[in-house]
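What follows is one structure encoded as structure tokens, with my remarks underneath.
Read the figures in this text as sums done on the coordinates, not as results from a lab. Quick caveat, the model's predicted, so the values are computed rather than measured. FYI the Cβ positions are ideal-geometry reconstructions off the backbone, even for glycines, and counts take in every protein chain you see.
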Amino acid sequence: MELNKFIDHTQLKAEAGREAIEKLCSEAKQYHFMSVCINPTWIELAKQSLEDSEVKVCTVIGFPLGASTSTIKIAEAKDAVAKGADEVDMVMNIGAAKDGDWQKVEQEIREIVNAVPEMIIVKVIIETALLTREEIVKACKCAANAKADFVKTSTGFSHEGARVEDVKLMRETVGPHMGVKASGGVSNRKEAIEMIEAGATRIGASKGIKIVSEE
């Protein structure tokens, strides 16, 4: 299985500086990954570094807590696209989800989807580690109803990342046509293949080179 086109090569650490981002982009070009996933402050550098490649620039919105206001998330998404982002991974309003305010969750996702051009991929991070199975289903339905392109398991900054059973549940909920991104803790080829077999169409990983290099 050719895994490179499943991988969003990721560097979201707060302490990552220019050298780390340039290295990430260089690796992504070398291994032909689908995208680099970086914090918004590095979008322009990544776009410049990747201009002679097919690697996309992915960034994060409302990261990592999802607790920014909708107004700020929308502005962040618009600014990211203006600076060159091809994909935006937004953290849903997790607190609203835990309160059962699914109307608020869905409305925010819809506002962000509508705020960016149609060709921009919008992924919704639902942070599965903080949700019950029932809440995972409801979060996925909100994302699908709001016309997001993907649901994504995790930020990688909570107490647990992607789990195979959650990816399966997400795939069952959204059906065959919506993207599912498994992110957080996927660190080797075996785990990546398990996620893909469970229904993932994208893998968010900081260990992308290890994943694609293992036989």
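Just order 31-37, 113-119 by mean Cβ neighbour count inside 10 Å, highest at the front, would you?
Put in order of decreasing packing, that is 31-37, 113-119.
With N set to the number of residues, divide the alpha-carbon radius of gyration of the chain by 2.2 N^0.38 Å and report two decimals.
0.93
Principal axes first, then extents: for the Cα atoms of region 62-134, list largest minus smallest coordinate on each axis, whole Å, largest first.
Largest first, region 62-134 extends 35, 20, 19 Å along its Cα principal axes.
Could the peptides 63-74, 79-90 be put in order, highest first, of the mean number of other beta-carbon atoms found within 10 Å of their residues?
Going from most to least packed, we get 79-90, 63-74.
What is the distance in Å between the Cα centroid of region 189-215 and that of region 83-104?
The two parts, judged by their Cα centres, are 25 Å apart.
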